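Inspection log for the structure reproduced underneath, given as C-alpha coordinates.
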Amino acid sequence: MKGKFSDSPSTFEAYLKPIVRGIIVGIVVIAILFVLFALVMSFNILPISAATVVSSITIAAGSFLSGFFSAKKLTKNGLIIGTICGFLLFILFAIIGIAAFGSAPGASTLIRLLIFVTSGAIGGIIGVGNTNKRKIV
(Lines give C-alpha, C1' and ligand atoms only; values in the text may rest on other atoms or scores of the structure.)
Protein backbone atom coordinates (compact mmCIF):
# COMPACT_ATOMS: atom_id res chain seq x y z
CA MET A 1 0.00 0.00 0.00
CA LYS A 2 1.16 3.48 -0.77
CA GLY A 3 1.89 5.67 2.22
CA LYS A 4 1.89 2.82 4.66
CA PHE A 5 4.03 3.62 7.70
CA SER A 6 5.75 0.24 7.87
CA ASP A 7 7.00 0.45 4.25
CA SER A 8 9.42 3.30 4.95
CA PRO A 9 12.21 3.16 7.48
CA SER A 10 11.61 5.24 10.55
CA THR A 11 13.77 8.22 11.29
CA PHE A 12 15.17 6.39 14.30
CA GLU A 13 16.46 3.57 12.11
CA ALA A 14 17.87 6.02 9.57
CA TYR A 15 19.81 7.88 12.27
CA LEU A 16 20.89 4.87 14.33
CA LYS A 17 23.38 3.29 11.93
CA PRO A 18 25.46 6.43 11.19
CA ILE A 19 25.49 7.39 14.88
CA VAL A 20 26.68 3.93 15.93
CA ARG A 21 29.37 4.02 13.24
CA GLY A 22 30.46 7.46 14.38
CA ILE A 23 30.68 6.30 17.98
CA ILE A 24 32.79 3.32 16.94
CA VAL A 25 35.10 5.69 15.04
CA GLY A 26 35.33 7.88 18.13
CA ILE A 27 36.16 4.94 20.40
CA VAL A 28 38.87 3.70 18.02
CA VAL A 29 40.41 7.18 17.70
CA ILE A 30 40.40 7.69 21.48
CA ALA A 31 41.97 4.27 22.05
CA ILE A 32 44.71 4.86 19.47
CA LEU A 33 45.51 8.32 20.81
CA PHE A 34 45.60 7.05 24.40
CA VAL A 35 48.10 4.36 23.40
CA LEU A 36 50.24 6.83 21.46
CA PHE A 37 50.30 9.35 24.30
CA ALA A 38 51.06 6.59 26.81
CA LEU A 39 54.07 5.60 24.72
CA VAL A 40 55.20 9.21 24.48
CA MET A 41 54.90 9.59 28.25
CA SER A 42 56.71 6.33 28.91
CA PHE A 43 59.76 7.61 27.02
CA ASN A 44 59.68 10.80 29.12
CA ILE A 45 58.99 13.01 26.11
CA LEU A 46 55.97 14.45 27.92
CA PRO A 47 55.82 14.80 31.70
CA ILE A 48 53.27 12.79 33.65
CA SER A 49 51.77 16.05 34.90
CA ALA A 50 50.46 16.64 31.36
CA ALA A 51 48.17 13.60 31.58
CA THR A 52 44.98 15.57 32.21
CA VAL A 53 45.62 17.90 29.29
CA VAL A 54 46.52 14.98 27.03
CA SER A 55 43.37 13.07 28.01
CA SER A 56 41.23 16.15 27.33
CA ILE A 57 42.79 16.56 23.89
CA THR A 58 42.27 12.87 23.18
CA ILE A 59 38.60 12.80 24.13
CA ALA A 60 38.00 16.03 22.21
CA ALA A 61 39.57 14.56 19.06
CA GLY A 62 37.60 11.32 19.35
CA SER A 63 34.33 13.09 19.98
CA PHE A 64 34.99 15.54 17.13
CA LEU A 65 35.59 12.72 14.66
CA SER A 66 32.58 10.83 15.94
CA GLY A 67 30.29 13.78 15.25
CA PHE A 68 32.06 14.52 11.98
CA PHE A 69 31.61 11.05 10.48
CA SER A 70 28.02 10.67 11.65
CA ALA A 71 26.95 14.06 10.32
CA LYS A 72 28.85 13.58 7.06
CA LYS A 73 26.93 10.36 6.46
CA LEU A 74 23.55 11.90 7.33
CA THR A 75 24.23 15.30 5.63
CA LYS A 76 21.76 17.15 7.89
CA ASN A 77 21.22 18.18 11.51
CA GLY A 78 24.94 18.27 12.21
CA LEU A 79 24.65 20.09 15.53
CA ILE A 80 22.12 17.61 16.91
CA ILE A 81 23.90 14.53 15.56
CA GLY A 82 27.29 15.67 16.84
CA THR A 83 25.84 16.49 20.25
CA ILE A 84 24.20 13.07 20.47
CA CYS A 85 27.45 11.35 19.50
CA GLY A 86 29.42 13.33 22.07
CA PHE A 87 26.86 12.66 24.79
CA LEU A 88 26.72 8.93 24.07
CA LEU A 89 30.52 8.73 24.12
CA PHE A 90 30.51 10.55 27.46
CA ILE A 91 27.95 8.13 28.90
CA LEU A 92 29.97 5.15 27.66
CA PHE A 93 33.26 6.41 29.10
CA ALA A 94 31.59 7.51 32.35
CA ILE A 95 30.12 4.04 32.85
CA ILE A 96 33.47 2.44 32.11
CA GLY A 97 35.22 4.84 34.50
CA ILE A 98 32.75 4.24 37.30
CA ALA A 99 32.93 0.46 36.82
CA ALA A 100 36.73 0.43 36.68
CA PHE A 101 37.47 2.79 39.56
CA GLY A 102 34.30 2.45 41.63
CA SER A 103 34.14 6.14 42.44
CA ALA A 104 31.31 8.60 42.07
CA PRO A 105 31.49 11.25 39.35
CA GLY A 106 33.15 14.48 40.48
CA ALA A 107 33.62 18.01 39.25
CA SER A 108 35.94 16.88 36.46
CA THR A 109 33.10 14.76 35.08
CA LEU A 110 31.15 17.90 34.21
CA ILE A 111 34.16 19.33 32.41
CA ARG A 112 34.55 16.10 30.44
CA LEU A 113 30.85 16.21 29.56
CA LEU A 114 31.31 19.70 28.15
CA ILE A 115 34.39 18.60 26.18
CA PHE A 116 32.64 15.56 24.72
CA VAL A 117 29.42 17.37 23.78
CA THR A 118 31.03 20.57 22.48
CA SER A 119 33.64 18.86 20.32
CA GLY A 120 31.06 16.39 19.01
CA ALA A 121 28.74 19.26 18.08
CA ILE A 122 31.55 21.13 16.32
CA GLY A 123 32.48 17.96 14.44
CA GLY A 124 28.85 17.51 13.41
CA ILE A 125 28.59 21.05 12.11
CA ILE A 126 31.80 20.72 10.10
CA GLY A 127 30.79 17.24 8.89
CA VAL A 128 27.53 18.52 7.40
CA GLY A 129 29.32 21.42 5.73
CA ASN A 130 32.00 19.13 4.33
CA THR A 131 29.87 16.97 2.06
CA ASN A 132 31.28 15.95 -1.28
CA LYS A 133 29.63 18.23 -3.86
CA ARG A 134 31.32 16.82 -6.96
CA LYS A 135 29.18 14.85 -9.36
CA ILE A 136 30.68 11.96 -11.21
CA VAL A 137 29.14 11.58 -14.64
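The values are calculated or read from the model by the stated rules, or taken from the named source; none is laboratory data. Fair warning: this is a prediction, and the values are worked out from it, not measured in the lab. A quick note on method: Cβ atoms are made from the backbone with ideal geometry, for glycine too, and the neighbour counts reach across all protein chains shown.
Right, residue 115: among the aliphatic types (A, V, I, L, M), part of a helix (DSSP H, G or I) and within 13 Å of the chain's Cα centre (by Cα) or not? Explain how you work it out, then say what you get.
Values: among the aliphatic types (A, V, I, L, M): yes; part of a helix (DSSP H, G or I): yes; within 13 Å of the chain's Cα centre (by Cα): yes.
Yes.
Return yes or no: is residue 107 over 27 Å from residue 17 (Cβ atoms) and of a type in the set (A, V, I, L, M, F, W, C)? Judged against the criteria, residue 107 is a match. Exactly one residue out of 100, 107 is loosely packed, with under 15 Cβ neighbours inside 10 Å, aliphatic (A, V, I, L, M) and under 20 Å from residue 53 (Cα atoms), and it is 107.
Of the conditions (1) surrounded by fewer than 19 Cβ atoms within 10 Å (Cβ to Cβ); (2) modelled with pLDDT under 95, residue 67 clears all except one; give me its number. With respect to (1) surrounded by fewer than 19 Cβ atoms within 10 Å (Cβ to Cβ); (2) modelled with pLDDT under 95, residue 67 is out only on (1).
Residues in region 84-97 that are within 19 Å of residue 67 (Cα to Cα) and among the aliphatic types (A, V, I, L, M) were compared, and the one that is surrounded by the fewest Cβ atoms within 10 Å (Cβ to Cβ) is 91. Considering 123, 129, the condition of being at pLDDT below 85 and under 20 Å from residue 15 (Cβ atoms) is satisfied by 129 alone.
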